[in-house]
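Below is one structure; the comments refer to it alone.
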Amino acid sequence: MNSVSEPLLHLAARVDAIQPFYVMEMMKEAELLERAGRDIIHMSIGQPDFTAPEPVLEAAANALRRGDMHYTSALGIRPLREAIAGHYAHAYGLDVDPARIVVTAGASAALLLACAALVDRDDEVLMPDPCYPCNRHFVTAAEGKPVLVPSGPAERFQLTADDVERLWTARTRGVLLASPSNPTGTSITPDELKRIVEVVRARGGFTVVDEIYQGLSYDAPPVSAVSFGDDVITVNSFSKYFNMTGWRLGWLVVPPSLVDAFEKLAQNLFICASALAQHAALACFKPETLAIYEMRRLEFKRRRDFLVPALESLGFTVPVMPDGAFYVYADCRNVPHPAARDSAALTSAMLHDAGVVMVPGIDFGTAAPHDYVRVSYATAYSRLEEAVERLRGVFKR
Ligand SMILES: Cc1ncc(COP(=O)(O)O)c(C=O)c1O
């Protein structure tokens, strides 16, 4: 064993600037309860309970046997870029040049690449509050400044073109959106998104739209921001719709003029996305695999259609019907419980008294975090039913 005491290393300021997820603390508590024998229902999880379907596993096994596991091009293997382009044609009727597709290690690497490519020190990037918490950290990692715009139910918890016009300054470089959104499951309407793109374009800025949940849309056929012009940058992933979270695979569609810049950055920062995951993902686009995904999408919709009225029957208010993803952003102020006015205290009470884990709003922003909880339905239907019954018992007391 090394007897030299560990020297105190200087930590970069950006480490302090990143807040830990509150839900991680709750997960630790949940784990303690589970170890003590309690049955905990996890409605906090941001990943599908489904895993990669059989054809994807088979493709992965075949690729492993072939031993084809070298570095790939930083932009991804050509057949996968072509398959993704084919997906845009098939699912959205859009003609996307495979040359514009950059395969990445998940949407996370895609968002980091986009910020590395587009954000300079002190540049401002507009995003809604609440939003996916890592978005502000991707911007700060590029030394930019995330500008969180309070976005409530009236705006479907999303940025509006008016917001962008009102808040654009000489330092603003662009907007970072997600549709459907995490934590709210709400999409920006296509008309509003088009207006935002136009306002941003008129100011010479960038629009990045994270479409990671777009495959999980329930009410209207989704409209990809790819259709609003070659200058729009979209992010997507195999994690959610394709049920491949741990495989770490995603992609960007970038403007033709930016492909070289993204390639150079990707080469230097990541070399490439996992070769195994890329070969496996080719099977995602087979008709039989897409049929499995479609059945799973319908199961998510069934869960949403159960959960939203069930939450309302418990005293939660769902101010905007979520149209996608697997989250409900529920206002908890009228729940019949003493902790209703503080979502962090309420989620703690729900964990301890009902064995149900949800995420308090403080993990997603600063505008109205105490009023909301994020409820995930990436959990079996029967477990959702049980969670609702348990909560009914707790709230009645
Ligand atoms: C909105 C959003 N974007 C990006 C990510 C990161 O996903 P990936 O697994 O593709 O890196 C998540 C993960 O939860 C997310 O919710």
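The values are calculated or read from the model by the stated rules, or taken from the named source; none is laboratory data. Since we're looking at a predicted model, the values are computed, not measured. Cβ: placed from backbone, ideal geometry, glycine included. Neighbour counts: every protein chain shown. Surface accessibility is based on the protein's heavy atoms, side chains included, excluding ligands, DNA and RNA. Shrake-Rupley method; radii C 1.70, N 1.55, O 1.52, S 1.80 Å.
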* In a Gaussian network model over the chain where Cα atoms closer than 10 Å are linked, find which of Thr379, Thr184, Thr366 has the largest mean-square fluctuation. => Thr366
* 20 Å Cα-Cα reach of Lys240 towards lysines, excluding residues that sit fewer than 8 places from it in its own chain -> Lys286, Lys301
* To do: Give me the angle, in degrees from 0 to 90, between the Cα long axis of helix 259-269 and the longest principal axis of the Cα atoms of the chain, rounded to the nearest 10.
  => 70 degrees
* Asked: Where both partners of a DSSP beta bridge lie in the chain, what percent of those bridges are antiparallel, to the nearest 5?
  -> 45 percent
* Roughly how many percent of the accessible protein surface of the chain is carbon and sulfur, given a 1.4 Å probe and a whole-percent answer? -> 55 percent
* According to a simple spin-label model (label point 7 Å from Cα along Cα-to-Cβ), what is the distance in nm between Ala220 and Arg38? -> 4.2 nm
* Structure fact -> Row for segment 265-337, column shape: gyration tensor on C-alpha, a ≥ b ≥ c, rounded if a/c < 1.5 i.e. under 1.5, prolate if a/b over b/c, else oblate; value oblate
* Structure fact -> accessible surface per residue for segment 202-359, probe 1.4 Å, DNA/RNA/ligands not counted, whole Å² -> 35 Å²
* Asked: For segment 27-34, what does the Karplus curve 6.51 cos²θ - 1.76 cosθ + 1.60, with θ = phi - 60°, yield as ³J(HN,Hα) per residue in whole Hz, taken in order and with x for Gly and Pro?
  -> 5, 4, 4, 4, 4, 4, 5, 5
* Could you give the length gained on full extension between Arg297 and Tyr71, defined as 0.36 nm per residue of separation minus the Cα-Cα distance, in nm? -> 78.1 nm
* Find, among the chymotrypsin sites (Phe, Trp or Tyr not before Pro) in segment 13-90, those assigned to loop by DSSP (not H, G, I, E, B) with at most 11 other beta-carbon atoms within 10 angstrom. => Tyr71
* Evaluate the relative contact order of the chain (contact order divided by residue number), counting alpha-carbon pairs under 8 angstrom at least 6 apart; express in whole percent. => 23 percent
* What's the FRET efficiency of Leu94 with Asn62 using the Cβ-Cβ distance as r and R₀ = 25 Å, to the nearest 0.05? -> 0.25
* Structure fact -> If one compares the long axis through the Cα atoms of helix 287-313 with the longest principal axis of the Cα atoms of the chain, the angle in degrees, nearest 10, works out at 30 degrees
* What is segment 54-284's relative contact order, in percent, from Cα pairs under 8 angstrom and six or more apart in sequence? -> 30 percent
* Structure fact -> Residue-normalised 222 nm signal for the chain, counting each DSSP H run of n ≥ 4 as -39,500 (n - 2.57), nearest 500 deg cm²/dmol, is -12500 deg cm²/dmol
* **the chain: proportion of alpha-carbon pairs further apart than 42 angstrom, %** => 13 percent
* Tensor-based shape of segment 54-284 (alpha-carbon gyration tensor, a/c under 1.5 rounded, otherwise prolate or oblate) -> prolate
* Structure fact -> Reduced to Cα centres, the span from segment 335-397 to segment 1-66 in Å works out to 22 Å
* Does anyone have the angle between helix 190-202 and the longest principal axis of the chain? Alpha-carbon axes, 0 to 90°, nearest 10? -> 50 degrees
